[in-house]
1. Out of all the residues in segment A:576-586, which are surrounded by fewer than 19 Cβ atoms within 10 Å (Cβ to Cβ), of a type outside the set (Asp, Glu) and within 13 Å of chain B (Cβ to nearest Cβ)?
2. Return a yes/no flag: does segment A:35-44 have any residue that is part of a helix (DSSP H, G or I), in contact with a helix residue (DSSP H, G or I) (Cβ under 7 Å, 6 or more places away or on another chain) and among the hydroxyl-bearing types (Ser, Thr, Tyr).
3. Taking the criterion of being within 14 Å of chain B (Cβ to nearest Cβ), surrounded by fewer than 16 Cβ atoms within 10 Å (Cβ to Cβ) and closer than 28 Å to B:Arg312 by Cβ, would at least one residue in segment A:627-636 satisfy it?
4. Show the residue pairs meeting these rules: Cβ distance below 7 Å; 6+ apart or different chains; first residue within segment B:306-321 and within 14 Å of another protein chain (Cβ to nearest Cβ) and within 29 Å of A:Tyr585 (Cα to Cα); second residue in a helix (DSSP H, G or I) and of a type in the set (S, T, N, Q).
5. Applying the selection to segment A:354-378, what residues are without any contact (Cβ under 8 Å) to a residue 60 or more places away in the chain and of a type in the set (D, E, K, R)?
6. Would you check which residues across segment B:56-93 are hydroxyl-bearing (Ser, Thr, Tyr) and either outside the structural domain of B:Ile31 (by TED's automatic domain parsing) or in contact with a Ser or Thr (Cβ under 8 Å, 6 or more places away or on another chain) (or both) and list them?
7. Do you know which residues across segment A:326-370 are part of a strand (DSSP E or B) and either more than 20 Å from A:Asp261 (Cβ to Cβ) or of a type outside the set (Lys, Arg) (or both)?
8. Select, from A:Glu391, A:Glu460, A:Glu413, the only residue that is assigned to a helix (DSSP H, G or I), touching a strand residue (DSSP E or B) at 6+ places or on another chain (Cβ under 9 Å), touching a residue at least 60 places away in the same chain (Cβ under 8 Å) and of a type in the set (Asp, Glu).
Amino acid sequence: MSKRTGTDGSLLTSLPWTLAALTFAVVPHLQFLPFWATGTFIVCAGWRWQVERKRWRLPPAWIRILLALTCFVGVLLSYESVSGVGPGSALLAVMAALKLLETRQRRDQFVLLFISIFLIMSSLLREQYMWSLPFLIAGVLFTMTAWLHMSVSRQASIGGSFKSAARLVAYAAPLMIAMWIFFPRIATPFWAVPIDSGSATSGLSDRMSPGDISSLSLSNAVAFRVNFDGTPPPPHQRYWRGLVLYNYNGRTWTGGGPSIDPLARSEVEYAGEPVSYQVTMEPTRQHWVFALDVPSEWSLDRTFMASQQQLARMQPLDQRTTYSAVSYTDFRLGRQLSSFRRISYTRLPETGNERSKAFARELRAKAGSDEVFINQVLQKFNREEFYYTLEPPALGESPVDSFLFETRRGFCEHYASAFAVLMRAAGIPSRVVLGYQGGEINPLGQYMIVRQADAHAWNEVWLPGRGWYRVDPTAAVAPERIDAGRSGAMFDGIGADWGLSAPSEFLYQLTLTWDALNAKWNEWILAYGPDNQSRFMEWLGMQDPDWQKMMLTLVVILAILIGLISALLIMRYRPPPKDHAARLYSKFTAAAGVDPGMGETPLTYSKRLGEERATLRESAQHITDLYLQARYGPPGVIGIPALQTAVDEFSRNR
Amino acid sequence: MQQGNTLEKLPLSDDKQRAAIDAARRSLGGIVLGKDAEISLSLACLFARGHLLIEDLPGLGKTILAQSLARVLGLSFQRVQFTSDLLPADIVGVSVFHQGSGQFQFQKGPIFAELVLADEVNRATPKAQSALLEAMEERQVSVDGTTHELPSPYFVVATQNPSDQIGTFPLPESQLDRFLMRLELGYPNEDSERALLIGADRRQLLTEIEPSLNPDILRELQKAAARVHMTDPLVDYIQALVRFTRESPEIEIGLSPRGSLALVAAARAHAFIENHSGVFPDDVQAVFVAVAGHRLKAASNSAFRTQAELSRHVLDSVRIP
């Protein structure tokens, strides 16, 4: 090894921590990254570590350029774009991995740690969960620790660096909180996070084709949470109106777009007691706004009632949104129906589902009245062998025929679709409403959780003199689905899967607790927007809060905080002992094993040492130079740390 | 000289000054062979605005050193050979009646050169000696009530032959104090002597070398040398040395405050020449024998025969803090 061309191993102590910090920052992105990007990251990190350990060479420039281009093209192919959160963070992660391959010095590690911070922040663009805050703090702490550890001597323990990092973060925390509280929020943000096109949307589809999908996956994800001002309505009234489908082509039900209908509200006659509540809705990226059937007032901007009394917003709901609304569960809807509309609500395709149509006409003729007919259809569902299942068999060319007379197995969509077809065949106007039904009360937070699994489809039929009224054929088949909600049923299987006897109740409680915490988090932290801020300012006693006042308060508070922290730092400051350099020097002479003579100057000693121990000559000269500079040179040119590093290294190698 | 590390880059003086100092040392080293330490000390003495006493046997290159200093530093040079019949006027100058103007005019003596070589200063009478020493101290001469400024920089190199005892007037300790440093050149080592023997004539060489400095640069260097950083631990060291000279039973007369000031000035100048970022203990030790040797008086029962040995004893007895 006369000529060493590989790395010199000088990053051996700091590199693991840099790698760890970087990995920590990448972890939340992993589930979104394409597998090759994850692979690239792991391979590069492992490679770089081996390079440092084995003193290999770093790959030459052309390989790095080639890799960078390949990864860029890879991101382009995977995402068909380089802008947006997904491709952006993927690009950041793979380029950080590649940066590892040209990390030679401390400076390069600084760049890596900068990227770590950036990656940590960019994970917030995807989601801001409650655990995002601890994650954020941990990430910053981790990065700061790696950062500090890079700058201290090699022997220093990671604990010391961690302590310093924790102290820095602690000093910064009050500033952060003050800025979070007082920095003026504005209604429209300066920037918008680009939404990934094509990424999965949760929530309801705006069409319904029972029979196409042969199973429904129950997502436990929260659709929205509701705080009722009074007592929540009983379960059988918890119908959350979403969108309405009224066109049927023989397989698929579709509805109209979210277009405003100024007359829609006037068609409702509200009765009974109003129910007022606040909804915190998870982003759906759709236009539909959910409200308890049927809403009379709502507080969301740019939101209107469409023709079938469903609420819609001009902009899709891209972020978590809170609104309050007032609904009446007792109502009459659309007493008048124009003949034009009547035709459209009874229209069926000319062909298909012939058996059902014939059955409906026959039953209607026997029944004598619409009411009796409707009851008979519901009784058919109830009394005959119809089953509610989430995994029904696929249906054929005429799905309603297949369902009614062959399979007889399905979930809400099948029943709603079949019911609507039967009604229309008998000349009764009918439509399908999509939304959510039910919701469980979380006793811990006194609020209601409505999950994606609560998605439901039901019908509305129009009878003269009575108007539109709700009929839920699923309730005829599986009344427990409606009345009980799903309660703990969804957890029934879990305990068995895990080989536990009765964990379901415990798990259920745990889930509820977690959700209650999340709800508070959303309510207090994430929903701290312009409204909440100005309310909070008023609560603090600020008259007519506006952004100037908040800014002024912020500046004053920051000045005070910085002053306090500075005072604290000054009080805590202990100048390094004057003879620190001398102590380090005697550590060096002790480690060298040769005592300096009385009155022997450092240079003479270093020379003598070099003569007595030839192997020590270089390091002795180096340390002596540093010592003389540190002890006898002007202050601040070469400090104690460099000497400390050199002496530590020297005594470790002895 | 430090080598191969980053410390050299610390700018104490600008590159031009540094280059000039290095060139001067090189040129001097080319003429006075094998006496690098003495050359450094002479330069340090000059940069510290002190005067130099070279005490040694004849033929060891005292005069050559003085002449090459003058040449390399670009200073005007005058040599005064001190003899027993030398009068003060021969050194300082005389007022001569000018026939044309009918007035006395002052004829400047050799002492008005920027570098004065006072050869065999102990052979002249105390009266002549004190004329020189007073001029050195005051940096001006008064003749017939008129004060004449001596040039700046002003550097006196005096030599004396310690073995001459008959008919000499050795400088008393109080007078020796006026010299910042006293040097002994000593015999050259084998290699240097060989190079001297086969090399060109020194006097010939002397006429051929180019000056590396000039009085302006020299003044600048003197200012810069006085500004070299000195830390507390180093002051502690100097005080410890001085205290030892005053307290040691081996020493009858220790260093005066003027002596410790001289030590500081010389150490600073030495650090400056060596391009140290501050005054190092090595700088103090390098100048200590030259600065302190002639100011110390050994006790009568002392085991140390020479002042140089005594100085070494001081250095070896004081721990560097």
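The values are calculated or read from the model by the stated rules, or taken from the named source; none is laboratory data. What you are looking at is a predicted structure, and each value in this text was computed from that prediction instead of being measured. Because the Cβ atoms are built from the backbone with ideal geometry, glycine has one as well, and the counts that use them run over all protein chains shown.
1. Step one: filter segment A:576-586 for residues surrounded by fewer than 19 Cβ atoms within 10 Å (Cβ to Cβ), giving A:576-580, A:582-583, A:586.
In the following step, the residues that additionally are of a type outside the set (Asp, Glu) were identified as A:576-578, A:580, A:582-583, A:586.
Of everything in segment A:576-586, those that are surrounded by fewer than 19 Cβ atoms within 10 Å (Cβ to Cβ), of a type outside the set (Asp, Glu) and within 13 Å of chain B (Cβ to nearest Cβ) turn out to be A:Pro577, A:Lys578, A:His580, A:Ala582, A:Arg583, A:Ser586.
2. So far as segment A:35-44 goes, yes, one or more of its residues are part of a helix (DSSP H, G or I), in contact with a helix residue (DSSP H, G or I) (Cβ under 7 Å, 6 or more places away or on another chain) and among the hydroxyl-bearing types (Ser, Thr, Tyr).
3. no
4. Partner pairs satisfying both residue conditions: B:Val314/B:Thr245; B:Leu315/B:Gln285.
5. Result: A:Glu354, A:Arg355, A:Glu362, A:Lys366.
6. Those that are hydroxyl-bearing (Ser, Thr, Tyr) and either outside the structural domain of B:Ile31 (by TED's automatic domain parsing) or in contact with a Ser or Thr (Cβ under 8 Å, 6 or more places away or on another chain) (or both): B:Thr63, B:Ser68, B:Ser84.
7. Passing the criteria: A:Val326, A:Ser327, A:Tyr328, A:Thr329, A:Asp330, A:Phe331, A:Leu333.
8. Result: A:Glu413 is the single residue among A:Glu391, A:Glu460, A:Glu413 that is assigned to a helix (DSSP H, G or I), touching a strand residue (DSSP E or B) at 6+ places or on another chain (Cβ under 9 Å), touching a residue at least 60 places away in the same chain (Cβ under 8 Å) and of a type in the set (Asp, Glu).
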